[in-house]
Amino acid sequence: MATRVIEVAPFDLVVFGATGDLAHRKLLPALYHRDADGQIPDDARIVGCSRRDMSDADYRAFATQALEEHVGDLERETLSRFLERLTYIAVDAAGERGWNELAASVEGREGVVRAFYLAVSPDFFGPICQRIGAHGLVTENARVVIEKPIGKDGASAKALNEAIGAVFREEQVFRIDHYLGKETVQNLMALRFANALFEPLWNAAHIDHVQITVAESIGVGGRAGYYDTAGAMRDMVQNHILQLLCLVAMEPPESMDADSVRDEKLKVLKALKPMDADSATRLTVRGQYRAGASAGGAVPGYLEELDDPGSHTETFVAVKAEIANWRWANVPFYLRTGKRLADRVSEIVVQFRPIPHSIFEAEAGEIASNRLVIRLQPDEGVRMQVMIKDPGPGGMRLRQVPLDMSFARAFNVRNPDAYERLIMDVIRGNQTLFMRRDEVDAAWTWVDPILEAWTTSREAPKGYTAGTWGPSAAIALIERDGRTWFEDLI
């Protein structure tokens, strides 16, 4: 099946942090793929900016190495065309060096889309935006893209958004969450709102509970310094996982218009039952990995990687969340994320309620409830667990089997990376998959009391062995409700 590609308008994409890890692993490969598919027009340019002194030729060599490592087989003509788009300017984000040169490089191109991608530490978001404004680089067609984390709490997020908002209008600000660009996340919208099958059942009368798991098998590695100031709650729950929860739980939007979708997501965030110190103790678990085994070898614990035996930063979080509205009354949402877990997997499990009455004899076997599994990574796809008759003679024997759709097998095309979609949406000016400022505020309003309760308690995170599924307290969190984590699906 061929994928329909729609060319975007001409643009200048200015990437701050152009020599960093994100540009190397994600941004340059994503832009190359879009160029290879014919989506980028001839008059589009990519301007790399960072403090490092490099020539255009040096930066093109850096880009080539990134593409060879993260793309693989490169088509010579496409590579040549892509590299011709790249220029480089050494710019000091916190000083004045290079800003006049950057302004000169985009002079006379005020009519094309001008996108600034801030692939840098959040500490530089405000200073870069201030200098973009001071040098007159904001045009009517300008956009700015910022990566998480957006603040460390509600107050710092507000200050950060105010600094950005002093230069860019809200409709020009694109707060990127790469999870929302994943193909399976988009298909969650299609499953719910393009099929008559699911939406009538998508409520407390038919759904028993929902599980959202974002598990990583790797440790913090080179990110230990950053991670120790954030932890799993800030790094994953406040943004990625709450955004996934919103897409599962939101009401049907009026349309796919950006604000219609984001209005409904905001209602979910505001409907989350708030937590105080007591409920945070009962309904959350935080853990920290210890030495163990992963990928067939021994790995150190978090404290050894950090080289700080006193750190209480969590590398694992499990939360029982509830949404206080009619659709989801008394339906728990079990959320968990962690480093150094047994496998790398991100998925949403929607567990339906049991049938009200069985017409079958006991010998037919136990009837398992239906389950919808939406796999984000790896092997993106959708699987529905249903009951059927076991084939063959000998009476009625029931068995649960999956109706399984892997996107890679079903469509026989390369599955685009989330950044490919999101960067092109920035150029189009489509904010549907990007967080609005009030969404960020509402997420922090729910998360802040949990973080405060953890700090006040002074209790250390519960240890778990690397290569397992987290601390035993996370198992108790769900099993005391008579449920279990669906690790057999992973």
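Report ³J(HN,Hα) in whole Hz for each residue of segment 283-289, in order, from the Karplus equation J = 6.51 cos²θ - 1.76 cosθ + 1.60 where θ = phi - 60°; Gly and Pro get x.
Once rounded to whole Hz, the list reads 10, 10, 9, 10, x, 8, 6.
Among the lysines, select those whose C-alpha is under 20 Å from the C-alpha of K182, and discard any that sit fewer than 8 residues away in the same chain.
K26, K148, K265
Among the GluC sites (Glu not before Pro) in segment 84-120, which ones are in a DSSP loop with at most 11 other Cβ atoms within 10 Å of the Cβ? Mind listing them?
On the way: sites: E84, E96, E101, E107, E110; in loops: E96, E107, E110.
Those satisfying the criteria are E96, E107.
Counting Lys and Arg as +1 and Asp and Glu as -1, each charge on the Cβ, what is the dipole of the chain about the Cα centre in debye, to the nearest 20?
820 debye
Mind checking the angle between helix 418-428 and the chain's longest principal axis? C-alpha axes, 0 to 90 degrees, to the nearest 10.
For helix 418-428, the angle is close to 50 degrees.
Rounded, prolate or oblate, given the Cα gyration tensor of segment 346-399, with a/c below 1.5 counting as rounded?
oblate
Name the long-range amide H neighbours of M435: under 5 Å, sequence gap of 5 or more, or other chain; modelled H, no Pro or chain starts.
R175, D177
Would you grab the residues whose amide H sits under 5 Å from the one on A142? Only those 5+ places off in sequence or on another chain, please, with H modelled 1.01 Å from N.
R114
With angles folded into 0 to 90 degrees, how steeply does helix 258-271 sit against the dominant principal axis of the chain? Use alpha carbons for both and round to 10.
Once rounded, one gets 50 degrees.
Can you sort I475, I323 by solvent-accessible area, 1.4 Å probe, largest first?
Highest to lowest solvent-accessible surface, that is I475, I323.
Which ³J(HN,Hα) values, rounded to whole Hz and listed in residue order, are derived for segment 365-378 from phi using the Karplus coefficients 6.51, -1.76 and 1.60 in 6.51 cos²θ - 1.76 cosθ + 1.60 with θ = phi - 60°, glycine and proline given as x?
For segment 365-378, the Karplus-derived couplings read x, 6, 9, 8, 5, 5, 8, 9, 10, 10, 8, 8, 6, x Hz, x marking Gly and Pro.
What nm distance separates the two modelled labels at D390 and E479, each placed 7 Å from Cα along Cα→Cβ?
Once both label points are built, they end up 2.8 nm from each other.
Would you mind getting the accessible area per residue of segment 152-283, heavy atoms of the protein chains only, 1.4 Å probe, in Å²?
With the other protein chains kept in place, segment 152-283 gives 38 Å² per residue.
Give me the percent of accessible area attributable to carbon and sulfur for the chain, probe 1.4 angstrom.
Numbers: 10990 of 21310 Å².
Result for the chain: 52 percent of the exposed heavy-atom area is carbon or sulfur.
Skipping prolines and chain starts, which residues have an amide H placed within reach, meaning under 5 Å, of the one on H209, given they are 5 or more residues away or on another chain?
Answer set, sorted by chain and number: Q351.
Going 7 Å from the Cα of F124 toward and past its Cβ, which residues in segment 68-106 have a backbone nitrogen under 15 Å from where you end up?
Under cut-off, by backbone N: 88-99, 102.
I'd like the Karplus ³J(HN,Hα) series for segment 467-483: coefficients 6.51, -1.76, 1.60, θ = phi - 60°, whole numbers in Hz, and an x wherever there's a Gly or Pro.
Using θ = phi - 60°, the values come out as x, 10, 9, x, x, 4, 4, 5, 5, 5, 4, 8, 6, 6, 8, x, 10 Hz.
Taking the DSSP beta bridges in the chain as the whole, what percent of them are antiparallel, to the nearest 5?
55 percent
Output the 0 to 90 degree angle, nearest 10, between the alpha-carbon long axis of helix 154-165 and the longest principal axis computed from the alpha carbons of the chain.
40 degrees
Can you tell me, using C-alpha contacts under 8 Å and at least 6 residues apart, the relative contact order of the chain as a whole percent?
17 percent
Using a Cα-Cα cut-off of under 20 Å, which aspartates and glutamates could be cross-linked to K273, ignoring same-chain neighbours fewer than 8 residues away?
D153, D208, E251, D263, E264, E322, D438, E439, D441, D448, E452, D481
Restrict the search to segment 308-403; then list the chymotrypsin sites (Phe, Trp or Tyr not before Pro) that DSSP places in a loop and that have at most 10 other Cβ atoms within 10 Å of their Cβ.
Here the chymotrypsin sites (Phe, Trp or Tyr not before Pro) that fit, given the DSSP loop and packing criteria, are W326.
For the cross-link pairs K320/K389; K320/K462; K152/K270, which exceed 27 Å when the distance is taken from alpha carbon to alpha carbon?
Numbers: K320/K389 35 Å; K320/K462 17 Å; K152/K270 19 Å.
From the list (K320/K389; K320/K462; K152/K270), the Cα-Cα distance tops 27 Å for K320/K389.
Would you calculate a helix-derived [θ] at 222 nm for the chain, using -39,500 (n - 2.57) for each DSSP H run of n ≥ 4 and dividing by the full residue count, to the nearest 500?
-10000 deg cm²/dmol
The values are calculated or read from the model by the stated rules, or taken from the named source; none is laboratory data. For clarity, every value in this text was computed on a predicted model and none was experimentally measured. Reconstructed Cβ throughout: ideal geometry from the backbone, glycine too, with neighbour counts over all protein chains shown. Heads up: the accessible areas ignore ligands, DNA and RNA and are worked out on the full protein's heavy atoms, side chains in. Shrake-Rupley method; radii C 1.70, N 1.55, O 1.52, S 1.80 Å.
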